[in-house]
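Chemist: Here it is, the structure in full.
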Amino acid sequence: MANNLYSKTYDQQEVKLLDQVFVQQKKAAQCEAFPSASARVNDIQLLKNGLLNFESQLISAMKQDFGHRSEDDAKFGDILTTVLSAKYALKHIKHWMKPSKRHVGVLFQPAKAKVFYQPLGVVGIITPWNYPVFLALGPLITALSAGNRAIIKMSEYTPETNKVMKELIGSVFSVDKVAVIDGGAEVAAHFSSLNFDHLIFTGSTAVGRKVMSSAAKNLTPVTLELGGKSPVIIDESIDVNLAAERLF
């Protein structure tokens with residue numbers, strides 16, 4: 001089904017857009033390599049406010065994508081968790097940015113050593129379908145807190161949610177800071193092949209292997225949150241072939 005959600009032409013357009021946005025963000029990161037604490041706080045606050053402004057649209061979109069999504073589940077699993085993440089980041093950003101002291105051996109005295117935490121640059125975020133808002137904006141909050149820019153690749157299984165996410169992000173950020181990319185497998189494969197400064201993927205183990213393999217060609221550091229471990233009960237009323245297809 002997912003392969004039919006986006007045409008080949010649409011995917012090609014998204015790939016082209018992705019390449020343009022990637023270049024823009026790389027250049028912008030070089031021009032503003034070390035955003036101040038106040039700038040980062042402002043970004044997170046704008047994102048939190050934008051999320052709350054689009055809350056009803058996102059819940060409605062998720063209901064359309066899932067066909068049966070509980071509004072309470074959407075509020076608690078996607079909206080509230082993201083808001084709490086934003087609040088946590090707002091409280092800790094200044095502390096996270098402080099240099100960290102390190103021990104200096106006696107031979108190097110009276111020298112002092114500190115670790116200064118610096119933004120990586122442009123972060124790629126690949127989002128799954130099950131909690132599309134939190135698993136897109138949660139990693140985004142951490143990326144912005146660290147002073148980075150980000151491109152989010154939404155799942156092809158949540159087309160209506162993706163539309164609202166594009167509108168939300170576009171209302172808050174310029175594309176050279178944060179952008180949302182849509183599309184199917186062709187876009188996802190191209191996304192993971194780009195020379196990001198860090199890549200975050202949430203999804204299945206099988207796809208995670210492909211993402212890491214693709215990123216390895218650029219020596220891109222990857223953070224993987226892999227699923228596919230949830231227990232399943234199949235009773236007599238379920239078609240075994242259909243169950244096997246969905247489990248895979």
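No lab work stands behind these numbers, since they all come straight from the coordinates. Note that the structure is a prediction, hence the values are computed from the model and not measured. All Cβ positions, glycine included, derive from the backbone under ideal geometry; neighbour counts span all protein chains shown.
Chemist: Once you have all Cα-Cα distances for region 128-248, histogram them in 5 Å bins from zero and send the whole-percent values.
Modeler: Per 5 Å bin, starting at zero, the Cα-Cα P(r) for region 128-248 comes out as 2, 10, 18, 22, 20, 12, 7, 5, 3, 2, 0 percent.
Chemist: Could you grab the Rg to Rh ratio for the chain? Cα atoms only, Kirkwood for Rh.
Modeler: 1.02
Chemist: Would you mind finding the longest exposed-site-free stretch of the chain, with exposed trypsin sites (Lys or Arg not before Pro) meaning DSSP loop and at most 15 other Cβ atoms within 10 Å?
Modeler: 1-111
Chemist: Over 23 Å between C-alpha atoms is what I'm after, so list which of K98/K217; K48/K153; K63/K163 land there.
Modeler: K98/K217
Chemist: Using 0.36 nm per residue of separation minus the Cα-Cα distance, give me the extension gain between N53 and N241 in nm, one decimal.
Modeler: 63.4 nm
Chemist: Can I ask one more? In terms of modelled amide H atoms, which long-range or inter-chain residues lie less than 5 Å from the amide H of G121?
Modeler: The list, which skips near neighbours in sequence, is R149.
Chemist: Work out which helices of the chain, taken as complete DSSP H runs, extend at least 15 Å along their axis over the Cα atoms and score a mean Kyte-Doolittle of -0.5 or more, then list them.
Modeler: Membrane-span-like by this rule: 37-53, 55-66, 81-97, 134-145, 159-172, 205-216.
Chemist: For the chain, give me the percentage of DSSP beta bridges that are antiparallel, rounded to the nearest 5 percent.
Modeler: 15
Chemist: Report D for region 41-119 in µm² per second (integer): Stokes-Einstein, Kirkwood Rh on Cα pairs, 37 °C, 0.692 mPa s.
Modeler: D = 207 µm²/s.
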